[in-house]
Amino acid sequence: MQLLLKYRTQAFLLLALLVSFVVSQASDNIDGYVLQIMLVAGINIILAVSLNLVNGHTGQFSLGHAGFMGVGAYMSAAVSVEMGPSILGLLGGPSTLSHGVTFVIALLVGGLCAAVCGWMVGVPSLRLRGDYLAIVTLGFNEIIRVVFQNTSSSGPFGGALGMRGIPDYSTFFWVFGIAAICIYVVASMVNSTYGRGFLAVRDDEVASESMGVNTVRYKVVAFVLGAFFAGLAGGLYAHLFGAIDPKGFGFLKSVDIIIMVILGGMGSTLGVVVAAIGLTTLNEQLRDAEKFRMIVFSILLIVMMIVRPQGLLPVTFEKKRRKSA
Amino acid sequence: MDQFVQQLLNGLFLGAIYALIALGYTMVYGVLRFINFAHGDVFMLGAFGGLYVHKALAPLLNALPWPLALAVVMLASMAICAALGIAIEYFAYRPLRNRPRLNVLITAIGVSLFIEYTGQLVFGATQQPFPAIIPRQNISGLGGLTVTMTQVIVVVVTTALLIGLRYIVMRTRLGLAMRALSLNPTAAALMGVNTSVVISFTFGLGSALAAAGGILYASLYPSVDPFMGIQPGIKAFVAAVLGGIGNIPGAALGGMIIGVVETLVTGYSQKLGIPSGYKEGVAFIILILILLFKPSGLLGKVEREKV
Amino acid sequence: MSSVLELNDVSIQFGGLRAVGGLTFSIQPGELVGLIGPNGAGKTTVFNLITGVYQPTSGSIKFGGVSVPGHKPHQITKLGIARTFQNIRLFSSLSVFDNVRTAKMMHLRHGIAHSLFRGPAFLDEEAMIENEVFDLLDIFDLGKEASTPCKSLCYGDQRRLEIVRALATKPKLLLLDEPAAGMNPTEKEELMHLIQFIKDKFQISVLLVEHDMKVVMGICQRIAVLEYGVKIAEGTPAEIQNNPKVIAAYLGTEDGKGPLDA
Ligand SMILES: Nc1ncnc2c1ncn2[C@@H]1O[C@H](COP(=O)(O)OP(=O)(O)OP(=O)(O)O)[C@@H](O)[C@H]1O
Ligand SMILES: [Mg+2]
């Protein structure tokens, strides 16, 4: 019992993984449409929580998260489409195991490629602040989109038409397992002495440096880790819908993720998770009124900024009291 | 050689329009230190304003000689957009005065999306032709060069507006107040400058210039759609940063440079081996390079944080 | 004994303005030195030079034999220099506890991987840090405020918290930039005791920038005076009080009544 209390964070993670596995096994009983919305919500949770690490906790306002998602989606899809058959062959034909291994490899490749892009964006970010950084990350997002858009239409990425026929590996287990890991990583990192550095960097860079905090390192870590999870989310997305195209990873998608972070409260992991679920549902409701969707979202953005910029669920302070004595 | 001169000229005409838009970014940045992300959309509204004013007043305008008709359409649309710009500032940005600049940027993104998608609802998503208010004819007698009447008008109008703007900023009380505000907002307020009025005025002025740019652009590339402001908006923003954001002559210079570079790159892209599809990324690449290597721009001055 | 900090002919130029010119001075171990001068004399700039926020245009700065310029500010903090800021720069969204805890980051033996794995070593280290932070907070009577958002502390407490935060980096040299600013006479009195207490308890050197002459004259062993970035005098409080150049410098800016009479 003592042990469980001491390692409760890890226990929660295991529990979450277990639950996702069990639900996944029973997912045939869930209505297909509902299941799909749940999976989209899970992917959005990953996107929002990872963007929150960069924007909320570290205070480096990035407008390009969808770009990293796109890199992950394209790269992982390329792996499972182009190399999938040979991996399956090596593992003795299609089976749950060989599909799983292929998927893990694909996701990791996507995540790592996105992380490299995150590094490439993070490094210039060291010299930029605030709104300029935001515009530059938006620029990177557009550049990534333009690059995919201009690939050869007969090549693996399919140019403007994108890719299709990606195997549907994204099950409940994978989506929510990775979402749980993402939440665990961000939350446990931020809730440690090491991780308070992200918040310090956000609040005051000069003071952080004077406290011995290597602000450069923290910013790069935030960008790389945030991009890695966005890449995983992209991989899950590609293997959920089976088809992707460059437009899906443009500026508007980045704005979608930003709205989740802002609504949930910058720096509040719980808030952002709730917002991701809420907005995914709202998005579904508005599917029949596509014309109004962006109008509603843009009004939401403006009103939030004016009325409640700290988000619906602002960060609370952890109670600290001396343990011994 | 002739072809090069021709491209250069075309670039200058386009650049003149970018300069008009860039001025709005730079003036707002000068007084409020924030990037008005929705400025490109005001440019779009200016073009639509021109279209609808022309439609509404068609019988009257057809009776007038075309330069007069153009002046009526342009002034009407500029007035409408000035009012819209002031309204946007009043409803969306003013409540955020003294909040972190990023919050204002986020709001501005919201405003931008709101204008675009409301525009889509109201105007329709498809492109619409823009009327030929300026006769579509070539000016002859320039050797091998082709210059259209529209291009001449672009230069004339831009020059006139720039001179007018310079007069307002340098010679009027409001212009003086604008400059004071951009140098030191606190001191300006203490010296009795009515900050709110000056800010409204700046938004109105910038939006009017964007509207003029919108009509000229729509005359040059004769069609309009609700998303037409995005690309020119980004390019004009890059122009403002290139010139040194907050610096008015810088914005004009930056606009010209971006216009020329874009036209030359497009014109020679095949020779350079760049797929033309990369065009949309070029502005951002230039922006990133400026911000990394000369963030103060060509004419701007360095701002250092005091500790 | 060799000096803790040595500045040799240090200058810095901001465009056309020479904010500090040819400054030479040193601090000995365990010494409490004052740095005074009229507004804009360059005192804060000297702090920024010592802590690596600015790079000197010329001259050398040595801390414990190590050349400071060229190091990043966080590296200089690791060498053992800590500072407070003239305009309080606490981490405004963090609690009192976390503000002090940030100083412990650079002493961490376990980095990012451990904060993810959260094994026994990590938990032990976190518990140890917590104890250290509370020890420090208790010394300054801030222990009961540990969970308070630092923004809601009163002004004097915020200034003290900044000092505590700087001390948590375990410095050998502490730079205080106008710690008495905005304090009332009682608080100033307390502050004087506090600074002396810190110097003795933690066995460190202190460089104090302060406009309040009563504070400076009351506790500093030695005082250097800057005017327009140039050192115009240096000596004991008594010497400084009677130095004609210093009096002229202050009289030039004050309205007849010398602050040195304080
Ligand atoms: N980053 C900077 N860029 C340009 N000038 C600067 C910068 N930092 C300081 N200065 C100038 O250097 C001079 C010295 O400033 P400094 O802040 O060091 O004075 P100070 O002695 O601390 O004054 P005070 O008592 O008012 O705090 C001033 O004229 C100031 O304007
Ligand atoms: Mg100072």
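The values are calculated or read from the model by the stated rules, or taken from the named source; none is laboratory data. In this text, all values refer to a predicted model and were calculated from it rather than measured experimentally. Neighbour counts are summed over all protein chains in view; Cβ atoms, including those assigned to glycine, are modelled from backbone coordinates with ideal geometry.
Numbers at a glance
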quantity: Set C:Lys78, C:Lys72: member being among the charged types (D, E, K, R), more than 11 Å from ligand 2 (Cβ to nearest atom) and free of Cβ contacts under 8 Å to residues at least 24 places away in the same chain; calculated: C:Lys72
quantity: Given (1) under 30 Å from C:Asn99 (Cα atoms); (2) away from chain B (no Cβ under 14 Å); (3) touching a residue at least 40 places away in the same chain (Cβ under 8 Å), index of the condition A:Lys319 fails; calculated: (3)
quantity: Hits in region C:108-137 (condition: under 26 Å from the mean Cα position of the chain (by Cα) and within 8 Å of chain A (Cβ to nearest Cβ)); calculated: C:Leu108, C:Ile129, C:Glu130, C:Asn131, C:Phe134
quantity: Residue match in region B:135-148 (condition: crowded, with 21+ Cβ neighbours inside 10 Å and in contact (Cβ under 8 Å) with a residue 12 or more places away in the chain); calculated: no
quantity: Region C:161-194 - residue that is closer than 22 Å to C:Thr45 by Cα and part of a helix (DSSP H, G or I) and, of those, nearest to ligand 1 (Cβ to nearest atom); calculated: C:Glu162
quantity: So C:Gly37, is it within 16 Å of ligand 2 (Cβ to nearest atom), at pLDDT below 95 and not basic (Lys, Arg); calculated: yes
quantity: Helices (runs of 4 or more DSSP H) wholly inside region B:211-307 that include at least 2 residues being within 13 Å of chain A (Cβ to nearest Cβ) and in contact with a helix residue (DSSP H, G or I) (Cβ under 8 Å, 6 or more places away or on another chain); calculated: B:230-243, B:279-293
quantity: Output for region A:208-218, where each listed residue is closer than 29 Å to A:Phe249 by Cβ and surrounded by fewer than 23 Cβ atoms within 10 Å (Cβ to Cβ); calculated: A:Val216, A:Arg217
quantity: Selection within region A:158-182 - part of a helix (DSSP H, G or I) and surrounded by fewer than 22 Cβ atoms within 10 Å (Cβ to Cβ); calculated: A:Gly159, A:Ala160, A:Leu161, A:Phe172, A:Phe173, A:Gly177, A:Ile181
quantity: Failed condition for C:Ala168, given (1) among the small types (Gly, Ala, Ser); (2) at pLDDT below 90; (3) farther than 30 Å from A:Phe12 by Cα; (4) buried (at least 20 other Cβ atoms within 10 Å of the Cβ); calculated: (2)
quantity: Hey, A:Gly226 within 14 Å of chain B (Cβ to nearest Cβ), in a helix (DSSP H, G or I), crowded, with 24+ Cβ neighbours inside 10 Å and not basic (Lys, Arg) or not; calculated: no
quantity: All positions within region C:198-225 that are within 26 Å of C:Leu79 (Cα to Cα), within 14 Å of ligand 1 (Cβ to nearest atom) and away from every other protein chain (no Cβ under 14 Å); calculated: C:Leu207, C:Leu208, C:Glu210, C:Ala224
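Every residue, every condition in (1) within 14 Å of chain A (Cβ to nearest Cβ); (2) within 16 Å of ligand 1 (Cβ to nearest atom); (3) outside any loop (DSSP other than H, G, I, E, B), yes or no:
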| residue | (1), (2), (3) |
| --- | --- |
| C:Ser3 | no, no, no |
| C:Asp9 | no, no, yes |
| C:Leu35 | no, yes, yes |
| C:Val53 | yes, yes, no |
| C:Ile61 | no, yes, yes |
| C:Lys78 | yes, no, yes |
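Residue by residue, here is whether (1) at pLDDT below 90; (2) crowded, with 17+ Cβ neighbours inside 10 Å; (3) assigned by TED's automatic domain parsing to the domain that holds C:Gln203; (4) among the hydrophobic types (A, V, I, L, M, F, W, C) holds:
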| residue | (1), (2), (3), (4) |
| --- | --- |
| C:Leu108 | yes, yes, no, yes |
| C:Glu130 | no, yes, no, no |
| C:Phe134 | no, yes, no, yes |
| C:Ala146 | no, yes, no, yes |
| C:Lys151 | no, no, no, no |
| C:Gly156 | yes, yes, no, no |
| C:Leu175 | no, yes, yes, yes |
